[in-house]
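Scroll down for the structure; my scribbles are underneath it.
Read-outs: derived from the displayed coordinates by stated rules, not from any lab. Quick caveat: nothing in here was measured; it's all calculated off a predicted structure. Don't worry about glycine lacking a Cβ; one is built from the backbone with ideal geometry, like all the others, and counts go over all protein chains shown.
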Amino acid sequence: MTDPSLPSRIADADRAGIRRVQVVAYRDLDDPMAGGSELHLHEILSRWADAGLAVDLRTVAGPGLVRTCERSGYHVERVGGYYTGVARTALAGVGRRFHGADALVEVWNGMPVLSPLWWRRPRLTLLHHLHHELWHSTYPAPIAHLGSFVERRVAPRFYRGSPVATLSSSSAGEIVASTVLRSGQVHVVPPGIAASFGKGPALREPIVLAVARLTSAKRIDTIVRCVETIRDRVPLVRLVVVGSGPERNGLESLAQELGVEDRVEFVGRISDEELILQYQAARVLVAASSSEGWGMTITEAAACGTPAVASDIVGHRDAIAPGAGILAADDDGLAEGLVHLLSDDEAWSVASTAALEAADRLSWDTSAGTLLGLLTDDAQRRRS
C-alpha cells in the first residue's frame, strides 16, 4: 500500500523550514543487536531521504562497525560504546554539535538523551514503549530500579512541551498512565510492512517460528519449554529460532536438558530473503516477550499469512489484529494457543486470512508521512 500524501508532507516540511533532520538513536540497522526499533527507524528515514530530506543519524558504535556510512540515502555516524554513547550524544547536543539541522528526532530507547534541555528547534520523540520489564530483566536490582524510575518519573517531565510518537494504542495508554506525558501529546503511529513479504502456502508442516534477539527479555526459554510441553499432543512439532544474542548457548543447553534438541533448530541471523521463506513455511509465529512497543515479527509473519501466538502485553495487543492470532495470559496459555493453531486446520485458516487482511492495512509510507507531519506541526507551533 502506498500513501500519496508523503510528497505533500515533504512540501509542508519545506515550507516550515525543515530541510535537514538530525536523528539520535541508540542503535542503527547494522548493529549486531538490531531489532524491530532499528528496522522501524530505517524504514522511516529511508523514505524521508528518498523524498528529498537531508537526514543524519547518530548512534553508538556497535562492535565491528565502521564510524560512518551511507545507507539508503541517509548518513550514519557512530560514536561511543553501549555504555558511553548516550552520554556522548547528549554532550554533543549541549556543545551544539547538531546546529546545522533544522529539526531533531530522538529515539528514546530506555535512557533518553534529554534533548529538550539542549534543542530548541522543532523536535519529535519516538518512544515505542516503556522499558520497566527490560530494566529488571537486564540489569541488577539497584540499576534497574534507578533506570526505570528515571524513565517513568524524571525524564518525561522534560518532554511535556513537544510531540511524542508511539506505535500502538496500548503503548500510548501505558505511557500516559505511567508518566506525566499528556494524552494530547502522545500520538499513535503504527508501523508499516514491506511489499516483499507475501503469502505462503495454505498447507504447512507444524513448524513454530520465533524471530528475536536471544536475550532474556524475549523469553525464548519459555518457548523451548512450550515445545517440550506440547510434543506429545503435536507429535511432529518443530521450533525454528531465528536470531542471535547472548542467550544462545544457554538455550541450546536447555533444549538438550528437556530432551527436545531434535525438535529445536537455532539458525542464527539470516538474510531478509531467507527470513521471508521461514515466515512462509511456518504454521505459527510465537512471541513470548515481556515488553514490546508493537512486535514487528508478528506483522511480518501476518503479511505471509502466518498467525501468531503471543504474550498478552502492551504492543502485542495491537500487533495481533482481532482473529489473527491468540494472546496468551500466561505460559500455559502460550502452549495451549500453539496446540490450537497447530492442530485445528479451520481455526488456522481463519486466523491466517485475518492476519493477511490486517497486514495489508499497514503502510511505511503512511507511517513516514504521519511522523513528518508531527515534526512539521511542532515547527509551525513554535512559529506561532
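Taking all Cα-Cα distances within segment 269-376, those exceeding 25 Å account for 22%. When every Cα-Cα distance of segment 155-227 is counted in 5 angstrom steps from zero, the calculated P(r) takes the values 3, 11, 14, 12, 12, 17, 13, 9, 5, 3, 1 percent. Cα centroids of segment 8-82 and segment 307-354: how far apart, whole angstrom? Their Cα centres are 34 Å away from one another. Computed over neighbours whose Cβ is under 12 Å from that of residue 88, the net charge equals +2, Lys and Arg +1, Asp and Glu -1.
In segment 154-195 the Cα-Cα distances spread across 5 Å bins starting at 0 as 5, 24, 31, 20, 9, 5, 4, 1, 0 percent of all pairs. Plainly put, segment 283-325 has a radius of gyration that is 0.90 times its Kirkwood radius, both from alpha-carbon atoms, as the Rg/Rh ratio.
Each Lys or Arg adds one and each Asp or Glu takes one away; over the other residues whose Cβ falls under 15 Å from the Cβ of residue 164, this sums to +1. Between residue 269 and residue 71, full extension at 0.36 nm per residue minus the direct alpha carbon distance yields a gain of 69.3 nm. Averaging Cα coordinates gives a centre for segment 182-229 and one for segment 95-162; these two points are 26 Å apart.
For segment 1-109, the equivalent ellipsoid derived from the Cα gyration tensor has semi-axes of 24, 17, 11 Å, listed largest first. Relative to the Cα centre, what is the charge dipole magnitude of the chain, using +1 at the beta carbon of each Lys and Arg, -1 at the beta carbon of each Asp and Glu, and rounding to the nearest 20 debye? Once rounded to the nearest 20, the dipole reads 2160 debye. Return the tail of the calculated pair distribution for segment 210-328, meaning the percent of Cα-Cα pairs more than 24 Å apart. Looking at segment 210-328, the distances longer than 24 Å represent 21 percent of pairs.
Between 242, 311, 325, the Cα set farthest toward the positive side of the dipole of segment 207-360 (charges on each charged residue's Cβ, about the Cα centre) is that of 242. Evaluated with a Cβ-only charge set (Lys, Arg +1; Asp, Glu -1), segment 207-360 carries a dipole of roughly 240 debye about its Cα centre, given to the nearest 20. Computed as a quarter of the hull surface, the mean projected area of the alpha carbon convex hull for the chain stands at 18.0 nm².
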